[in-house]
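The values are calculated or read from the model by the stated rules, or taken from the named source; none is laboratory data. Predicted model only: the values in this text are computed from it and were never measured. For neighbour counting, all protein chains shown are included, and Cβ atoms are generated from backbone atoms with ideal geometry for every residue, glycine included. For the accessible areas, the whole protein counts, side chains as well, though only heavy atoms, and no ligand, DNA or RNA atoms are used. Shrake-Rupley method; radii C 1.70, N 1.55, O 1.52, S 1.80 Å.
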Amino acid sequence: MTAQLLVGLVRLLCGAYPRWRGCAPDPRPRIYFANHTSNLDALVLWSALPPSVRKLTRPVAAQDYWSKGPVRRYLANRVFNAILIERKKVTVRDNPLDAILNGMTENSSIIIFPEGGRFLNPEPAPFKPGLYHLAKKRPDAELVPVLIDNLTRVLPKGEVLPVPLLCSVTFGAPVQLADGESKPDFLVRARQAVCDLRYR
């Protein structure tokens, strides 16, 4: 019930209209990787998925943010079924990659933001290496680039109340880690796949 209310609220406030430009909704295991400009990004992308896919998809989120207060904890654990990762004091025991891989079952998908933080620039910041390592560890999962457009104006960084505006969520064609492809080359190519969706 809470999930349905949240999805309805997101659609009312910002539209979150899905545009499938390079693939179709599918319950197969996927890694949805997107640009990151707002605290609403994970919710908006998650809401843009059809219900049958949404229930199998887990956002990857910062533990320090989503563990503060009962409301955030409830949403993260009971509604989104988020994979919470340590991002400030990373140790061998709190390796974010291990947490993601452990939380991603054979049949589930995840939502990640490879920039590693929120940025207000029109183009994404350089990607962190996590996406590359996930691609190596889970070659069975499709890597789907996603562009979330106009959301930074709905909930700008530092603001609490959203401003009703229309935004879109564009899903692109899956990319693959090529045999022998270096980490820097792959990360540049994956980032470009997100950037290119702005013109489709």
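Using the heavy atoms of the protein chains and a 1.4 angstrom probe, tell me the accessible area per residue for the range 1-41 in square angstrom. Roughly 48 Å² per residue, with all protein chains present.
Each listed q (0.12, 0.28, 0.31 Å⁻¹) maps to a log10 I(q)/I(0) for the range 34-91, found by the Debye formula over equal Cα scatterers with no solvent: -0.29, -1.26, -1.35.
Computed from point charges on the beta carbon alone (+1 for Lys and Arg, -1 for Asp and Glu), the dipole magnitude for the chain about its Cα centre is near 440 Debye.
So how do 138-144, 6-12, 55-61 stack up, highest first, on mean other-Cβ count within 10 Å? Mind showing how you got there, number by number?
Values: 138-144: 16.7, 6-12: 14.9, 55-61: 19.6.
Result, highest mean first: 55-61, 138-144, 6-12.
Compute the label zone of ARG93 within the range 64-86: residues whose backbone N is under 15 Å from the point 7 Å along Cα-to-Cβ. Answer for this model: 86. Report the charge-dipole magnitude of the range 41-102 in Debye, nearest 20, computed about the Cα centre from +1 at each Lys and Arg Cβ and -1 at each Asp and Glu Cβ. Roughly 200 debye, rounded to the nearest 20. Distances between every pair of Cα atoms in the chain, grouped in 5 Å steps from 0 to the bin holding the largest one, split as 1, 7, 16, 21, 23, 17, 9, 3, 1, 0 percent. Using a probe radius of 1.4 angstrom, the carbon and sulfur fraction of the accessible surface of the range 1-114 is 54%.
Between Rg and the Kirkwood Rh of the range 1-65, both from Cα atoms, what is the Rg to Rh ratio? Before the final figure, lay out each step's value.
On the way: Rg = 12.0 Å, Rh = 12.8 Å.
In the range 1-65, Rg relative to Rh is 0.94.
Positive-end ranking of ALA190, THR57, LEU6 along the dipole of the chain, with charges on Cβ about the Cα centre, is headed by LEU6. As a length-normalised measure over Cα pairs under 8 Å and 6 or more apart, the relative contact order of the range 14-94 settles at 26 percent. Simple spin-label estimate for GLU106 and ASN81 gives 1.6 nm between the two label positions (7 Å along the Cα-to-Cβ direction from each Cα). When peptides 38-49, 125-136 are ranked by their average number of other Cβ atoms within 10 Å per residue, the highest-first order is 38-49, 125-136. Charged side chains reduced to their Cβ positions (Lys and Arg at +1, Asp and Glu at -1) give the range 1-71 a dipole of some 220 debye around its Cα centre.
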